[in-house]
2 protein chains.
Amino acid sequence: MLKSKASQNAADQRNITRLRVLEHIRTEGSISRIDIASALQTSPATVTAATADLISAGLIKEIETEHQSKSAKRGRPRVLLQLDGGSYLIAGLKVARHMISVILADFEGNEVTSYKYPLDDVRMTPGAFVATIRTALDLACAQINATLNSLSGVSIGIAGLVDAERNFVHWSSSLTERNVDFSQFLETELPCPAFIENDANLVAKAEQLFGLGKGLKNFLVVTIEHGVGLGIVLDGKLYRGERGCGAEFGHTKVQLDGALCQCGQRGCLEAYVGDYALIREATVADQGTGTETVAEIHKNARSGDERAKSVLTRAGQMFGLGISNLINLFDPECIILSGTQMDLEHLYSDEVMARIRSGVVNVDTLLPEIKAHHWGDLMWAKGAAAYGIEQVSILKVKELATNAP
Amino acid sequence: MLKSKASQNAADQRNITRLRVLEHIRTEGSISRIDIASALQTSPATVTAATADLISAGLIKEIETEHQSKSAKRGRPRVLLQLDGGSYLIAGLKVARHMISVILADFEGNEVTSYKYPLDDVRMTPGAFVATIRTALDLACAQINATLNSLSGVSIGIAGLVDAERNFVHWSSSLTERNVDFSQFLETELPCPAFIENDANLVAKAEQLFGLGKGLKNFLVVTIEHGVGLGIVLDGKLYRGERGCGAEFGHTKVQLDGALCQCGQRGCLEAYVGDYALIREATVADQGTGTETVAEIHKNARSGDERAKSVLTRAGQMFGLGISNLINLFDPECIILSGTQMDLEHLYSDEVMARIRSGVVNVDTLLPEIKAHHWGDLMWAKGAAAYGIEQVSILKVKELATNAP
DNA sequence: CATATTTAATTCAGCGGGTAAAATATTTAC
DNA sequence: GTAAATATTTTACCCGCTGAATTAAATATG
């Protein structure tokens, strides 16, 4: 049922307004209509219309106004609006090498339950991939006596090159095949809309919607884990590059013909900062006596082991160089370093910050804020859930448009 | 005279449509209304309205339709539209260390005349700066028996940190002062609107409007000259960063604690690729026998001088590394290298391209196009003129909105 | 306690940009 | 010359947003 151009454009405009309102409510937590109008520079009448639509879609709800609250003013009290957390259940998945992590989240991004599903094979065929995801979802839903049908959206994060707009995976370390179009697979296997995205972009979405990037227009999210990832948010939108394969911060080169990276190239940042790089170096420093874990390297460094310290110091130097390059190129409002406490420890130090400062041109202007966000191991799955929540919001608003009275 | 919200938004919308039409005509050169409608996914009625406005503003004109041209089809012939080149005269200036270059261009970007005004002082006070610009403009106008009053816009390019939206210069190597607000200065000294921008951004604008970036959404322009500059065009718009000091490609670090750069930091790309870097290296290679020029280095390399060759080779290696990092981060449609024939010679070689390829992740996808654009020495001034043309377009369309019948 | 006052939210008529459809313009085909 | 084809313009209308008027819901006041 193709709509005419006129109603297309008009509906588009209206959806944009509704999404802007929804987004503002999400950012503010709870807010009255009149404040939305003034913040978005729009008229109260428009806000009334938009919020009515959003309420009827179950996306937001009114909460009881606190009478004579703070400033005991008279006049009709403001009715606060906030996300309607309970109305939709969203699943976020992260596919890692030996594990699928699942989070079921409510519409406000709160974790309802989580589940970890161990993986035998690092690489799967597309069919096995989708089937495994389905199984993991079933088990996660079972934990709260729900079924797949309770889900309003599923969002899947994987490492690799993903064209999120088409649910198309150019390449992923979790798949045996290249160039897989998941739009078919997912539609037949899952009873709700599903989305695939690059994992670093998902974390960026989580920071934007619920984390340290709330309300920011231009910021970068650097993820630290096995590798080094980057999510770029410009003008409030994820920047994915022309072919969907940008933001490969971990593989920017910090040394001409430098250390060998997993990707086969030399001098990648990841080859100095990734966990395998640390382990490789530490092993050499130990004269190859055994395979040390990253945790052990940290422990040894703390207890004064000069070789372990040196490994972490160089990682920090290279990391600082890379971050200062990001600032020199993007001049963002803020850079968020996302990872576990341990992964960030040696990368969010005074020495690294000093090196960043010394690598950014024009030191008299204030440096962009650099914040560390210490996540637990569900960081990626939570990111996926955040993306799912946003995508479901967009779908519900679109449905509104077509079902208009 | 403040307009109401309603007319503001509506007028905005309309201006956006008119600018989109104007932009498309500029990109296509000459095009009929029906083709504009189909290209912009809009209705013929809207195009009729928009083009009528643009014609009345003197921005575009109809050109004689060629009867039964190519395909001898019947039906009413298409009327081609194109920019109305003659209607406005725009000045573009580039302030360099010892010279101000001026271009007077028509509205289609064609050079009407050019003029070079030698500078005694590298650094000037803001007052002297504006006065000098005025003098240079006067002399340039005199060449075609025109006056300053003939100009519809003046665009000024300088090296440094510029907040173009406010005509505010945070810092420039051409000024004795920091944090200069030129909006006042220019308004009193010049009889027409004037704009200041960072010089690399201007070249990017020139590529977008009239050069190799025509019609592209996401591309990068790397300028090679004394230093290495970058202009970033994302989603069709210049990306300037949060504080207007992004795109400092020349000062991204390609070597930890590497060669000393003009900016005082170590390891900057520019410290390996800039002309002063080449001269410094070559002088060492010559055992300090004298100051070689870049042209001589090239000549020596061509005639087999291994030391000169080595200087250029390393510059190329570092440049290739930097470019591959840009691709890894931005994944652009295209990278345009802009400079003189000589400056680009050793940087647009097969060796450098091979190094770029070897530094970009995911080699199975096609590399973004890398094009060299060999400009003459008026590159920067032409860039300024391009920016001026765009700004004047925007102003004229805005005037239309307020003068509507 | 009744009423005035204040502020929030909603309703409603109208503006204005964009559209589809109709009308008009201008050509070639026959 | 007339019909057919194609481009452009005109016209009536749709729809989102707005300002103004209205309604709603609280406090202040005497």
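FYI, it's all coordinate maths here, none of it is from the lab. Everything numeric here is computed off the predicted structure, so don't read it as measured data. Positions of Cβ are generated from backbone atoms using ideal geometry, with glycine treated the same way; all protein chains shown enter the neighbour counts.
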Problem set entry | Anchor residue A:371: lysines whose Cα lies under 17 Å away (excluding residues fewer than 8 positions away in-chain) | A:205, A:214, A:217
Problem set entry | Where labels lie 7 Å past Cα in the beta-carbon direction, separation of residue B:20 and residue A:64 in nm | 4.8 nm
Exercise. What is the set of long-range amide H partners of residue A:337 at a cut-off below 5 Å, with H atoms built 1.01 Å from backbone N?
Worked result: A:222, A:371, A:372, A:373
For this session: Over the whole of B:39-47, what's the average partner chain Cβ count within 10 Å per residue? Rounded to a whole number, please.
Result: 1
Exercise. If R0 is 35 Å, what FRET efficiency do you get for residue B:177 and residue B:214 from their C-beta distance, rounded to 0.05?
Worked result: 0.40
Problem set entry | Summed residue charge, Cβ within 12 Å of residue B:343's Cβ, Lys/Arg positive, Asp/Glu negative | -4
For this session: Quick one: dipole size for the stretch A:131-218, taken about the Cα centre, charges +1 on Lys/Arg Cβ and -1 on Asp/Glu Cβ, in debye to the nearest 20.
Result: 300 debye
Seminar exercise, completed: Non-local residues with an amide H under 5 Å from the amide H of residue B:213, with H modelled 1.01 Å from N and Pro and chain starts lacking one, are B:208
Exercise. Rounded to the nearest 20 Debye, what is the dipole magnitude of the stretch A:53-177 about its Cα centre when Lys and Arg each give +1 and Asp and Glu each give -1 at the C-beta?
Worked result: 440 debye
Exercise. What residues qualify as long-range amide H neighbours of residue B:196, i.e. H under 5 Å apart, gap of 5 or more or another chain, H built at 1.01 Å from N?
Worked result: B:156, B:167
Seminar exercise, completed: Of all DSSP beta bridges having both residues in chain B, the percent classed as antiparallel (nearest 5) is 60 percent
Seminar exercise, completed: The size of the Cβ-based charge dipole (Lys, Arg +1; Asp, Glu -1) of the stretch B:5-83 about the Cα centre, to the nearest 20 debye, is 200 debye
Seminar exercise, completed: Taking Cα atoms only, helix B:44-56 is inclined relative to the longest principal axis of chain B by an angle, in degrees rounded to 10, of 80 degrees
Problem set entry | Estimated [θ] at 222 nm from DSSP helical runs (n ≥ 4, -39500 (n - 2.57)) normalised by residues in chain B, nearest 500 | -13000 deg cm²/dmol
For this session: Find which of B:37, B:15, B:56 sits farthest along the positive direction of the dipole of the stretch B:5-83, computed with +1 on the beta-carbon of Lys and Arg, -1 on that of Asp and Glu, about the Cα centre.
Result: B:37
Problem set entry | C-alpha center-to-center spacing [the stretch A:42-63, the stretch A:318-380] in angstrom | 39 Å
For this session: Treating the angle as unsigned and between 0 and 90°, give the value, to the nearest 10°, between the Cα long axis of helix A:306-330 and the longest Cα principal axis of chain A.
Result: 40 degrees
Problem set entry | chain A: most fluctuating residue of A:248, A:390, A:306 per GNM, C-alpha cutoff 10 Å | A:306
Seminar exercise, completed: Total charge of the residues flanking residue A:155 in space, meaning their Cβ is under 13 Å from its Cβ, with Lys and Arg +1 and Asp and Glu -1, is 0
Problem set entry | Extended-chain gain in nm, criterion 0.36 nm per residue less alpha-carbon gap, residue A:12 and residue A:55 | 13.6 nm
Seminar exercise, completed: Candidates B:152, B:349, B:114; GNM for chain B (alpha-carbon contacts under 10 Å) flags as most fluctuating B:349
Problem set entry | Separation in nanometres of the label points that stand 7 Å from Cα toward Cβ, at residue B:293 and residue B:235 | 4.6 nm
For this session: Please give the net charge around residue A:376, taking every other residue with its beta carbon less than 13 angstrom from that of residue A:376, where Lys and Arg add +1 and Asp and Glu add -1.
Result: -1
For this session: State the dimensionless ratio Rg/Rh of the protein assembly as shown (Rg: radius of gyration of Cα atoms; Rh: Kirkwood radius).
Result: 0.99
Exercise. Any idea what the residue B:310 label distances to the other copies are, label 7 Å down the Cα→Cβ vector, nm, shortest first?
Worked result: 2.9
Seminar exercise, completed: So, with points 7 Å from each Cα along the Cβ direction, the residue B:398-residue B:358 label distance in nm works out to 5.1 nm
Problem set entry | Other protein chain Cβ atoms within 10 Å, averaged over every residue that makes up B:313-324 | 2
